[in-house]
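What follows is a single structure, written as structure tokens, with notes after it.
Please treat every number below as a calculation from the coordinates, not as lab data. Since we're looking at a predicted model, the values are computed, not measured. Every residue, glycine among them, receives a Cβ derived from its backbone with ideal geometry; neighbour counts consider all protein chains shown.
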Amino acid sequence: MLTIIQDMAAKTKNSTPAPSSTRIRFDEVDLAILERLQTDSKLTNATLARLAGISPAGALERVRKLEAAGVIRGYAARLDPGAVGQTITALVQVSLREHGEARLDEFKRAVDDFEEIQAAWHTTGEEDFILKVLVRDMEHYERFVVHRLSALPNIGRVRTNFCLAVVKDETRVPLDAVGGADHS
């Protein structure tokens with residue numbers, strides 16, 4: 001059964017530990033549930049329970065605990081961007097002029113408001129952020145970059161790579177690093 005272990009140093013009254021200070025142990029049933037839901041999140045609770053080898057009530061309790069622990073972050077339908085008119089995928093590398101905590105947080109908040117940005121990663125290396133951007137066409141991309149993204153304060157440089165074809169686009173997270181044993 002899901003067990004959450006918090007580092008004692010990170011534990012303070014009225015605070016939630018940061019993800020890096022929390023280790024989670026899963027048993028085989030938890031892993032079976034996670035694997036099945038990653039493959040098909042539309043499974044009924046009865047089917048999930050049968051596949052995991054437990055009762056429907058037990059499956060529901062486990063899923064709720066996994067959701068409450070933040071292991072399961074949500075459920076969504078995966079759409080084909082081209083089928084809904086978003087024909088261009090761009091990987092946009094952004095360098096900021098200043099890197100203090102307040103300036104980084106300011107950029108992160110701004111990124112959250114852009115519908116075109118599907119994913120944003122704060123990275124090491126020459127660029128500070130890599131953004132996955134979906135747009136209708138090049139005109140839409142130009143408006144997005146020139147009038148919105150580059151208009152943000154603290155933008156130093158913006159570089160773009162356009163995707164020619166999608167070779168692999170998975171959402172499944174490998175579960176080989178977790179289990180009943182402590183893997184800290």
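Worth a mention:
- Short-range pairs are left out: with C-alpha atoms under 8 Å and at least six residues apart, the relative contact order of the chain is 24 percent.
- Based on DSSP H segments of at least four residues, each scored -39500 (n - 2.57), the chain has a per-residue ellipticity at 222 nm of -8000 deg cm²/dmol.
- In order along segment 118-132, phi translates into HN-Hα couplings of 8, 8, 9, 10, 7, 10, 8, x, 5, 9, 8, 9, 10, 10, 9 Hz, rounded to whole numbers, per the Karplus curve 6.51 cos²θ - 1.76 cosθ + 1.60 with θ = phi - 60° and x for Gly and Pro.
- For the residues ARG62, ARG23, ARG36, a GNM of the chain with alpha-carbon springs under 10 Å puts the largest fluctuation on ARG23.
- Annotation: amide H-H contacts under 5 Å for GLN118 (H modelled 1.01 Å from N, sequence separation of 5 or more, or interchain): LYS132, VAL133, LEU134.
- Under the criterion of Cα pairs below 8 Å and six or more residues apart, the relative contact order for segment 102-184 equals 18 percent.
- Fraction of C-alpha pairs exceeding 27 angstrom in the chain: 49 percent, rounded to a whole number.
- Charging the Cβ of each Asp and Glu at -1 and of each Lys and Arg at +1, and nothing else, the dipole of the chain about its Cα centre rounds to 360 debye.
- Charge dipole (the chain, unit charges on Cβ, about Cα centre) - positive-most of LEU91, LEU2, VAL178: LEU2
- Euclidean distance between Cα centres, segment 81-148 to segment 28-49, Å: 33 Å
- Mean Cβ neighbour count within 10 Å, used as a protection proxy, ranking 151-157, 76-82 highest first: 151-157, 76-82
- Ranking GLY74, ASN154, ASN45 by how far each Cα lies toward the positive end of the dipole of the chain (charges on Cβ) leaves ASN45 at the top.
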